[in-house]
Each structure stands twice: as structure tokens, then as C-alpha cells.
1. Extension gain Thr120-Asn65, at 0.36 nm per residue separation less the Cα-Cα distance, in nm?
2. What's the ranking of 63-76, 109-122 by average number of surrounding C-beta atoms within 10 Å, highest first?
3. What are the residues whose amide H is under 5 Å from the amide H of Ile5, where those residues sit 5 or more places off or on another chain and H is modelled from the backbone?
4. Applying the Karplus parametrisation 6.51 cos²θ - 1.76 cosθ + 1.60 with θ = phi - 60° to the phi angles of the stretch 139-153, what ³J(HN,Hα) value in whole Hz is obtained for each residue in order, glycine and proline being reported as x?
5. Multiply the residue separation of Thr51 and Ile154 by 0.36 nm, subtract the distance between their alpha-carbon atoms, and state the gained length in nm to one decimal.
6. After finding the eigenvalues of the alpha carbon gyration tensor for the chain, what semi-axes result from the square roots of 5 times each, listed largest first in whole Å?
7. Please list, in order along the stretch 53-62, the HN-Hα scalar couplings obtained from phi with the Karplus expression 6.51 cos²θ - 1.76 cosθ + 1.60 (θ = phi - 60°), rounded to whole Hz, x for Gly and Pro.
Amino acid sequence: MSIQINIGDHVSPTAGYITVPAQYRWMFRWSRTKARSIARNIPSANTYFATLPGGRTLTSLLGDNTIWINYNATFNYYGETNAVGGKEMAVGNKAIRIGKWTVLATIIHELAHVNGADGTTDAAERAILACRLGSAAEHRTGVDDPRTPYDPTITG
């Protein structure tokens, strides 16, 4: 099975987490497919995820059909997970407006929270680096390169 995208077949227990609107579904599907490709072809992704408190690899998380990706129309940030270790995440308009690569990075970031990364460090954002969606220079200098979806200023 696979991580689920809410296309109207799921009612999230988290207020505000709703069905992904039809016009954005292609972006979510593309992101899920790309994440699977990253897990298959970039060993550092699975290695990094296995070091998080939940101990699961990216491949394992992407294969878990109890994890749901929802949409949230009311917040103006990239995304959130209902709880550290939770199984409900939502992507917001900020990520969607920027585009599919940012939706992908948001899903990877939120999967790190599903895998136990708490919001007090940059552990979830570093998952994006492990997936090669950012540069070592960004991490080293703390200066964001707008050409990548990684943002060294994000914690939580």
C-alpha cells in the first residue's frame, strides 16, 4: 500500500484538515511519486529517516497506508502534522502557491514529524537536505537559496 492522499475518501479527525481540491491533486500525486523515487535512489534519505526517534525509513513511511495527506485552506504556512508521531498531515496554500517541489519538500518535512522529529530543532527540515532538495551551503551558512525547497531558517 501507500501513504494516502485525501481525495474525499477520508475524514480527518483534525479540524481544518480537508480533502485536497481537485485542481491540486496532480501536485500531491507528483510529490508522492517523486518521494518514492527519492527513497529508492538516494540512500541518504532512508539513512537519515532511520535516525529519527521513530526509527522508520522514508520507504517505510511512504508505504504506510495509515498516514494521510490532507489540505488546509486556512493556514498560510507550508504544512503541519497533527502531532509528533501523528498520522495526519496537511499542506497549506503557501506550499501550493510556490509549486510542486515545495509541496514535495513539505510532505517530506511532515513525514519527519510523523517519524518523531519534534518541533524544537531543525530535524524535520534536515530531512529535506537528506533527500537532496537543498544544498550543503544553505545548511552551513544559514542563507536560503530560493532555487531549492530547503529553507535553513525553518525549525519546527
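What follows draws every value from the coordinates through simple rules; no lab data is involved. Computed from a prediction, not measured in an experiment: that's the story for all the values here. When we count neighbours, we look across all protein chains shown, and the Cβ atoms used for this are built from the backbone with ideal geometry, even at glycine.
1. Stretched fully, the Thr120-Asn65 segment lengthens by 17.1 nm.
2. Answer by packing, highest mean first, reads 109-122, 63-76.
3. Under 5 Å from the amide H of Ile5 lie the amide H atoms of Ile69, each far enough along the sequence or on another chain.
4. Once θ is set to phi - 60°, the couplings for the stretch 139-153 become 5, 5, 8, x, 9, 6, 9, x, 7, 10, x, 6, 10, x, 8 Hz.
5. On the way: separation 103, 0.36 × 103 = 37.08 nm, distance 1.96 nm.
Between Thr51 and Ile154, full extension yields an extra 35.1 nm.
6. Ellipsoid semi-axes (Å, largest first): 22, 17, 15.
7. x, x, x, 8, 7, 4, 4, 4, 4, 5
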